[in-house]
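Readers should treat all values here as calculations from the given coordinates under stated rules, not as data from a laboratory. Since this is a predicted model, take the numbers as computed values, not measurements. All Cβ positions, even for glycine, are placed from backbone atoms using ideal geometry, and neighbour counts span all protein chains on display.
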């Protein structure tokens, strides 16, 4: 049985280990589908509900069960949790949840649930784990909303459906390639800011 | 058009114009992880191909019976995870029993290659297909698209992590920009195809 205890910084999920702009563990739906602020909000709600509930429920799965089996159980748990979450999103955000298409169900196998649970969340106490996973989801939501807002302005000249008068409109900003490049640039910017505020990290890297 | 040429043409379209990594963005973090080492990329390619192919064949049978159910989209992830798990445990048993050397080499990351967005996403895309021919084409084309994406990243991995890249961009950020440029090329191909 693995009793490894790890020390964690509770702000990791916001910046240093942000799952979109730092580690990329959950960047795929943001690149593909977050083209408006509305999509970003609904995706963030779905991601938070699925991830938080799955991590908490799967923490009750005994660590005596072999790892290969445990991962399968984590996926089963999250796909069961997806059922009420999908019904909830369908009821509260009927049109936007349809826009998310297959990117919402795919969240049941996101790496925050499958990999981060094993390497981080399940080594913490239940209360600490819940708080930590919430911070990671908040970090995801922040990044998704930033990307959604930028892409909506550039691609459609709107923000939350309100028209903005601008001289240029680039419809291709809604395509995945723009998402890749934008997140790459945001990632470099985040890294610069983190290293500027914490010179120790820059020295460690060297 | 005969069956085989129809399957091949859809498979080629799926590999290039509708690439699972650069167009649908399924499994991007997995392909980046796999593309760090040549041996790991080879193992991931094999595992993902086998998992997607056999899971697709099983899911085509399941979809045939229940895809018309209006609430199927809610249960779909659960159904597909059960199918993937069945293939996963069957493959693990066969590897452990008949290929113990290969099993001991891949046992540390086989679960990452199986439970990820690329595999589940492939089954979801398959669900759009009509008839066995399209299921077969997708089940070959989607994992091959993943493999091509992996080798495109592997080819550039050393340069993307080299000292020549400014520190802020080194590694993950420049990999995203590089993927964006390749994605743009695939997008152009897709637009041209249409």
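Distance between the C-alpha centres of segment A:5-62 and segment B:8-84: 22 Å, rounded to the whole angstrom. The Cα atoms of segment B:121-194 cover 50, 23, 17 Å along the three principal axes, with the biggest extent listed first. A Cα-only calculation for the protein assembly as shown places Rg and Dmax at 20.6, 66 Å.
Take the eigenvalues of the Cα gyration tensor for segment B:10-87, scale each by 5, and report the square roots as semi-axes in whole Å, largest first. Don't jump to the answer; show the numbers that get you there.
Numbers: eigenvalues 138, 47, 30 Å².
Three semi-axes, in Å: 26, 15, 12.
P(r) tail for chain A: Cα pairs beyond 30 Å make up 26% of the total. Taking a ≥ b ≥ c as the square roots of the eigenvalues of the alpha carbon gyration tensor, segment B:63-156 is oblate, as a/c is not under 1.5 and a/b does not beat b/c.
With 0.36 nm allotted per residue and the present C-alpha distance subtracted, the residue B:99-residue B:38 stretch has 19.9 nm of extension available. Inter-label distance, residue B:89 to residue B:161: 3.6 nm, where each label sits 7 Å from its Cα along the C-beta direction. For residue A:83 and residue B:185, the FRET efficiency from 1/(1 + (r/R0)^6), where r spans their Cβ atoms and R0 equals 45 Å, is about 0.70. Here segment A:1-107 yields Rg over Rh of 1.01, to two decimals, using C-alpha coordinates and the Kirkwood radius. Peptide A:166-175 shows a mean partner chain C-beta count of 1 within 10 Å per residue C-beta. Within the listed set B:41, B:176, B:57, the residue fluctuating most in the Gaussian network model of chain B (springs between alpha-carbon atoms under 10 angstrom) is B:176.
Once you have the alpha carbon radius of gyration of chain B, what is it after dividing by 2.2 N^0.38 Å, with N set to its residue count?
Numbers: Rg = 17.6 Å, N = 194, 2.2 N^0.38 = 16.3 Å.
Taking the Cα Rg and dividing by 2.2 N^0.38 Å, one obtains 1.08.
Per residue of chain B, the DSSP helices (runs of n ≥ 4 H) give a summed -39500 (n - 2.57) that works out to -26000 deg cm²/dmol at 222 nm. Between the C-alpha center of segment A:77-93 and that of segment B:127-141 there is a gap of 27 Å.
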